[in-house]
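K.L.:
Got a structure for you, questions after.
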Amino acid sequence: MFSRAEFDRRIARARAAMASAGVDLMLVDSGELLAWLTGYTVSETMYRAAFLPREGDAWFTLRALDEAPCREKSWISDVVVFADTDEAQAAVAASIRERRFAGARIGLDTNSYSMSAATFMRLSALLPDANFIPMPGLSDSLRWVKSEEEISVLRQASAIADEAMLEIARQARPGMTTRDAAAIASQVFLREGADTGEVGPVVKATGSHEFLHGAFKTETIMEGDALHVELIPRVGNYGARMMRPVVVGEPSATLKAAAEELVALQDRQIAAMKPGAVARDIDAIMRQGALDAHLRPTYENVTAYTLGLYARTPRTSDFSRVFLPTSNWILEEGMVFHLYATAQGLGFSETVAVGADGGVRLTRSPRLVLAPNPIGRW
């Protein structure tokens, strides 16, 4: 999916971080960083890791059953395998010793969900002469700024989200269930090349914004009901996200007015997403704007979070960079975010890349309450 030049860029970025931390060898075990750095990722059914020296060839250590797909997907040719009867951590440590890094300064992301306390203690016992150097958050920070090749893949995922959203809107009708709507999106995902048919939250919108993390269940949608649809297609593990309200019937004037206010605030956020902007200032446009317009009585959740790679991980969203009043970090060109706003039973969101002159929407669906007309078009 990506060129060798793209992987060389990533390797150089990782080695620059290693040089800054003074480490000889980087241990990579989070699902996203494995995919980003090596081209291959796999679940942690059994512990596995890839290794990048500051000088010399990288290698991958994983269970034998995963060798063939690893060799197919990754640029790494040195693949060390172990049987299911072997201890995974012992095999990983043995591969380090065999390549003469037993006494090296080994950098690892202490925030990685794969680096459990048990794994760290076991590796420390197996490699008593090694000096493990904490590099917390490295698995996320290396990936914050996307390349043109990565953004191109995110555009593909965004186009799938657009098509699926409009297909749901075209087919919306009284008597449809939330499961029906999710099935429509899932079919589009698989037909158009998404990794899986996993759709995202498709629920009946109730209250102000409580539906945002609503549990999926079969609910019947009747005339006048609002359907909250969040779509999360992935292509090559790169995930786009988009939310829209879909109303069966004619949206009320009140609902349309609230939607226009939310979209206007979000448009201001997108325009302000320039390199050098402070994240808390972008956040304030929506947060304070929604409060001033009395769209919400309180606004406590984030207004954006990082998008990019989504491998098989325990977390469904990447909050390593978010928009909050306390977010004092600086936006950089090439960062990509899920920018979202919810109020009064409405949810609007976009996949947005930070461009040289402001935010660039990768999702392109109409920014309004979607509703089919009598001939089945929104």
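The values are calculated or read from the model by the stated rules, or taken from the named source; none is laboratory data. Note that the structure is predicted; figures quoted are calculated from it, not measured. Cβ atoms come from the backbone with ideal geometry, glycine included; neighbour counts cover every protein chain shown. What goes into the accessible areas is simple: the full protein's heavy atoms, side chains included, and nothing from ligands, DNA or RNA. Shrake-Rupley method; radii C 1.70, N 1.55, O 1.52, S 1.80 Å.
K.L.:
Can you find, among 83, 142, 110, the residue farthest towards the positive end of the dipole of the range 75-152? Put +1 on the C-beta of Lys and Arg, -1 on that of Asp and Glu.
P.N.:
Result: 110, furthest along the dipole toward the positive end.
K.L.:
Okay, next question. What does the charge dipole of the chain about its Cα centre add up to, to the nearest 20 debye, if the Cβ of each Lys and Arg holds +1 and the Cβ of each Asp and Glu holds -1?
P.N.:
Here the chain has a charge dipole of around 180 debye.
K.L.:
Next question. Once Rh for the range 4-142 is found with the Kirkwood sum over Cα pairs, what is the Stokes-Einstein diffusion coefficient at 37 °C and 0.692 mPa s, in µm²/s?
P.N.:
Translational D for this selection: 222 µm²/s.
K.L.:
Let me ask something additional. Give me the dipole magnitude in Debye, nearest 20, for the range 5-78 about the Cα centre, with unit charges on the beta carbon: positive for Lys and Arg, negative for Asp and Glu.
P.N.:
That gives the range 5-78 a dipole magnitude of about 160 debye.
K.L.:
Still on this structure: How would you rank 18-25, 259-266, highest first, on the average number of other Cβ atoms within 10 Å across their residues?
P.N.:
The densest-packed peptide leads the list: 259-266, 18-25.
K.L.:
For a test of the definition: using alpha carbon positions, the gyration tensor, and the 1.5 limit on a/c, classify the range 29-72 as rounded, prolate or oblate. Can you show the working numbers first?
P.N.:
Values: a/c = 1.68, a/b = 1.44, b/c = 1.17.
Because a/c hits 1.5 or more and a/b exceeds b/c, the range 29-72 counts as prolate.
K.L.:
Another question, then. In deg cm²/dmol and to the nearest 500, what is the mean residue ellipticity at 222 nm of the chain if only DSSP H runs of at least 4 residues count, each as -39500 (n - 2.57), divided by the residue total?
P.N.:
-11000 deg cm²/dmol
K.L.:
How large is the translational diffusion coefficient of the range 289-359 in µm² per second when you combine the Kirkwood radius over alpha carbon pairs with Stokes-Einstein at 20 °C and 1.002 mPa s?
P.N.:
Approximately 157 µm²/s, per Stokes-Einstein.
K.L.:
Residue by residue, what Karplus-based ³J(HN,Hα) values in Hz, rounded to whole numbers, does the range 186-191 have, using 6.51, -1.76 and 1.60 with θ = phi - 60° and x for Gly and Pro?
P.N.:
Computed from phi, the couplings for the range 186-191 are 4, 4, 5, 3, 5, 5 Hz.
K.L.:
What whole number of Å gives the distance from the Cα centroid of the range 187-201 to the Cα centroid of the range 8-48?
P.N.:
Spelled out, the Cα-based centre of one part sits 28 Å from the other.
K.L.:
Given the range 133-233, report the % of alpha carbon pairs whose separation exceeds 22 Å.
P.N.:
Percent of Cα pairs beyond 22 Å in the range 133-233: 42.
K.L.:
Measure nothing fancy, just the Cα-based angle from helix 117-126's long axis to the longest principal axis of the chain, in degrees from 0 to 90, nearest 10.
P.N.:
The answer is roughly 20 degrees.
K.L.:
What value in Å³ per residue do you get for the convex hull of the alpha-carbon atoms in the chain?
P.N.:
So the per-residue Cα hull volume is 142 Å³.
K.L.:
Can you run phi through the Karplus equation (6.51, -1.76, 1.60; θ = phi - 60°) for the range 338-355 and list ³J(HN,Hα) in whole Hz, with x for Gly and Pro?
P.N.:
Each residue of the range 338-355 in turn: 8, 9, 9, 9, 9, 5, 6, x, 10, x, 10, 8, 9, 8, 10, 9, 7, x Hz.
K.L.:
Have a look at the range 148-361 and give its Rg and Dmax from the Cα atoms, expressed in angstrom.
P.N.:
Rg, Dmax (Cα atoms, Å): 16.6, 49.
K.L.:
Can you spot the aspartates and glutamates whose alpha carbon is less than 15 Å from residue 217's alpha carbon? Ignore those fewer than 8 places along the same chain.
P.N.:
180, 198, 230
K.L.:
With every protein chain present, what accessible area does residue 299 have (1.4 Å probe, heavy atoms only), rounded to the nearest 10 Å²?
P.N.:
Its accessible surface works out to 20 Å², give or take rounding.
K.L.:
Based on Cα positions only, what radius of gyration and what Dmax would you give for the range 231-285, in angstroms?
P.N.:
15.3, 44
K.L.:
Same structure again: Using per-residue counts of other Cβ atoms within 10 Å, averaged over each peptide, order 169-176, 116-123 from highest down.
P.N.:
169-176, 116-123
K.L.:
Under 18 Å from the 7 Å Cα→Cβ point of residue 332, by amide nitrogen: which residues of the range 1-27?
P.N.:
6-22
K.L.:
If you don't mind, there's one more thing I want to ask. For residue 131, what residues show an amide H to amide H distance below 5 Å, using hydrogens built from the backbone and excluding near sequence neighbours?
P.N.:
Close amide H contacts, sequence-distant or interchain: 104, 105, 106.
K.L.:
Compute the long axis of helix 279-292 from its Cα atoms, compare it with the longest principal axis of the Cα atoms of the chain, and write down the angle in degrees, 0 to 90, nearest 10.
P.N.:
Tilt relative to the chain: about 20 degrees.
K.L.:
Just order 215-224, 233-242 by mean Cβ neighbour count inside 10 Å, highest at the front, would you?
P.N.:
Ranking, from highest mean packing down: 233-242, 215-224.
K.L.:
Please give the solvent-accessible surface of residue 13 in Å², to the nearest 10, using a probe radius of 1.4 Å with every protein chain present.
P.N.:
Taking all protein chains as shown, residue 13 has close to 90 Å².
K.L.:
Can you run phi through the Karplus equation (6.51, -1.76, 1.60; θ = phi - 60°) for the range 143-157 and list ³J(HN,Hα) in whole Hz, with x for Gly and Pro?
P.N.:
9, 4, 8, 8, 7, 4, 5, 5, 5, 4, 5, 5, 5, 4, 5
K.L.:
Then there's this: How large is the accessible surface per residue of the chain, computed with a 1.4 Å probe and reported in Å² as a whole number?
P.N.:
On the way: 15710 Å² over 378 residues.
Computed with neighbouring chains in place, this is 42 Å² per residue.
K.L.:
Next question. Positive end of the dipole of the chain, charges at C-beta (+1 Lys, Arg; -1 Asp, Glu), about the Cα centre: which of 334, 183, 156 has its Cα farthest in that direction?
P.N.:
About the Cα centre, the residue reaching furthest to the positive side is 334.
K.L.:
Could you give the nm distance between label points at residue 312 and residue 357, where each point is 7 Å from its Cα heading toward the beta carbon?
P.N.:
For residue 312 paired with residue 357, the spin-label model returns 4.5 nm.
K.L.:
Subtracting the Cα-Cα distance from 0.36 nm times the residue separation, let me have the gained length for residue 113 to residue 100 in nm, one decimal.
P.N.:
Residue separation times 0.36 nm, minus the Cα-Cα distance, leaves 2.0 nm.
K.L.:
Given the whole protein assembly as supplied and a 1.4 Å probe, what does the accessible area of residue 254 come to in Å², nearest 10?
P.N.:
100
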